[in-house]
Amino acid sequence: KILWQKSLHKDHPHEAGHYTASLASNSPVTDGERIVASFGSRGVYCLDLEGKLLWKKDLGEMHSKHGHGEGSSPVLHGDVVVINWDHEEQSFIVALDKRTGQQKWRVARPEDTSWATPIVVEHKGRAQIVVSGTNRIRSYDPATGGVNWECGGLSSNIVASPVSADGIVFAGSSYDTRNLLAIRLDGAKGDITGTDQVLWSRRRGCPYVPSPLLYDGFLYTLQHYQGVIFRIDSKNGEEQGGPFRLAAVTEVYSSPVGAAGRIYVTSRAGITQVLSNDAEGKSLATNRLDDSISASAAIAGSELYLRGEKHLYCIAEK
């Protein structure tokens, strides 16, 4: 049942987009009191849970590489919403007051187009905003925008977001450079490229479009965006079982998710293959929806939400 819906902006696109994308590829974010939705060049909008517009912010026009469109989603931390704006002109990362939309800080980035969404990492009582970009990954102070640390080794055309747990950040790419890095946060400061802050790296099973899944101590990565999944021990970067060829799944843009001891991988064709979370990677189920799906699944309690091109789906036990 639709409780409310609201049209926020009407416009003509200023540039082309990828044939699989839309003008609303970015995912919204909520703190339970307000919803922040970024439509990139069409603006950032904040609404309350009743659909009332609280504020809007125009960040200008984004000019993406190859006209592939926009996709980085906003993230919330404390009183700020952070948006990464990597494109073919002056790139930047910006923090807005989540209550008013006023700019708190804005920092230029020496980047061209990327589509990765930043993540918030809490480590030893301190938060940092970590975002992958062209050739390197950086950590920012959410209060000031200052760079905490940065590390080279990634490629161009960054789509996959990093993941983190237990004081380690994992980031990878496979467009023109294949690399998957494990970065120790303790002691990370300044440029840590090539130092022992990088616990391990590998050039096999590196992500491109889908972000890695870090689940129960293992990284699950899709090869490029094909139906081949790797299971990597997050402690040492070694494969533990696999790689597994997914018989039912081929082209994959959405990131895998894990729940209840299972791994869920959804393809652009609307097929979800369910795997066991172990070294055997058994196929437990194959589920089909009559829709095309590029967005990653969201899990809330015992419910799985999938956003297709035609419908929003909620999957749960009866």
Report summary line: Between D191 and residues 5 or more places away or on another chain, the pairs with built amide H atoms under 5 Å apart involve E150
Query raised in the report: Which of the aspartates and glutamates could be linked to K104 by a straight reach, that is with a Cα gap under 16 Å, when you skip same-chain ones fewer than 8 residues away?
Result: D58, D79, D141
Query raised in the report: Could you state the per residue volume, in Å³, of the convex hull enclosing the Cα atoms of the chain?
Result: 135 Å³
Report task. Report the full-extension gain for the segment S283 to K10: residue separation times 0.36 nm, less the Cα-Cα distance, to one decimal in nm. Result -> 93.9 nm
Query - Selection from S73, L3, N26, by position along the positive dipole direction of region 1-144 (Cβ) - result: L3
Requested in this report: Just list whichever of K10/K310; K57/K98; K56/K124; K124/K189 have alpha carbons separated by over 23 Å in the model shown.
Outcome: K56/K124
Query raised in the report: How high is the relative contact order of the chain, in percent, counting Cα pairs under 8 Å that sit 6 or more residues apart?
Result: 7 percent
**Report entry** Most to least packed among 128-137, 92-101 [average Cβ atoms within 10 Å]
**Finding:** 128-137, 92-101
Query raised in the report: Between D79 and A127, what length in nm is gained on full extension when 0.36 nm per residue of separation is reduced by their alpha carbon distance?
Result: 16.0 nm
Query raised in the report: Between T250 and L3, what is the label-to-label distance in nm when each label sits 7 Å out along the Cα-to-Cβ direction?
Result: 4.0 nm
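Every number here is computed from the coordinates shown, using simple stated rules; none is lab data. Keep in mind that this is a model prediction, so the values were computed, not measured. In this analysis, Cβ positions are derived from the backbone assuming ideal geometry, glycine residues included, and neighbour counts consider all displayed protein chains.
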